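Just so it is clear, none of the values below were taken in a lab; they were calculated from the coordinates. What you are looking at is a predicted structure, and each value in this text was computed from that prediction instead of being measured. Quick reminder, even Gly has a Cβ in these numbers, built from the backbone with ideal geometry, and neighbours come from all protein chains shown.
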Amino acid sequence: MVEITSYAPGTPSWVDLGSPDLDASTEFYGALFGWEAHKAPQPEAGGYTMFQFNGKWVAGVGPLFNTDQPPAWSTYISVADADATVAAATAAGATVLMAPMDVLDVGRMAVLLDPVGAAISVWQPRAHAGAQLVNEPGAFCWNELATRSIEPAKNFYSNVFGWGAETNSINDVEYTEWKLDGKSIGGMIKMNEQWPAGVPSHWMVYFAVTDTDAAAAKAEDLGGKISVPPTTIQVGRFAVLNDPQGAAFSVIAMSEPST
């Protein structure tokens, strides 16, 4: 286990949950993943809580910004300058959902709605660089945009974050890997007819687990819902779950690399 202390600009660096019931969410994810909750003591933090796993920061949960906002996990992209990124994003067709704002002394953030309708957050790190543990059981391991509008998404994320895009067809599903300096940092899946028509473009957060079937069963026992049952794919076995408040997230047990 290696502690991560910094992220190159353009890299997904943090995930957090917007929840209508912080206590219930804290209890659910603590029981599911073994996370330890630490609530920020400052009143202006609004009860924002950060989770640790094996002593490393892995995710957060905070209150919803308004009553119309659905419970959801958010992906944050590390940037050198939040204000400059928002300016570039709006020029590329994004809508600002939350203008750049300082978060105590830990960083500066903003929330955008990209041109294909998915919310994405940016994080300019100060005291808090992001997750200290990723790509291991108990931490997030992948961030994936689901959309029906592949080319506009490619153009936007290339212009704003400098991402490359490598697209292939996997079992008749169009899948793109986002690349930063030649390294895969996330994905994008084209939503086909198997997706309900009312599901909008969105970013999905994947958490690594050692046993997908056991994690899905435990989530259900804790009051969650299995939206996509455990399924084996090329890179491992995954499932899509909803927590008791309705927020969607995925779990995946990665396949052992072939030798």
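Summary of values
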| read-out | value |
| --- | --- |
| Shape call, the chain: gyration tensor on alpha carbons, a/c limit 1.5 | rounded |
| Nitroxide proxy distance, nm - points 7 Å out along Cα→Cβ at Glu256 and Ala24 | 4.1 nm |
| Relative contact order %, the range 140-254, counting alpha carbon pairs below 8 Å whose residues are six or more apart | 24 percent |
| Spin-label zone in the range 212-237 - amide nitrogen under 20 Å from a point set 7 Å from the Cα of Asn168 along the C-beta vector | 231-237 |
| Pair Ala84, Asn54: separation of 7 Å Cα→Cβ label points (nm) | 3.6 nm |
| Residues Gln234 and Ser158, FRET efficiency given R0 of 22 Å [Cβ-Cβ distance, rounded to 0.05] | 0.30 |
| Whole-Hz couplings from phi, Karplus 6.51/-1.76/1.60, listed for the range 99-107; x for Gly and Pro | 5, x, 8, 6, 10, 6, 10, 8, x |
| Mean separation of Cα contacts under 8 Å, 6 or more apart, over the residue count of the chain: relative contact order % | 18 percent |
| Arg126/Ala31 FRET efficiency (R0 30 Å; Cβ-Cβ; nearest 0.05) | 0.40 |
| Pairwise label distance in nanometres, Thr5 with Asn192, each label 7 Å out on the Cα-Cβ vector | 4.6 nm |
| Alpha-carbon centroids, the range 224-246 and the range 1-31: separation in whole Å | 18 Å |
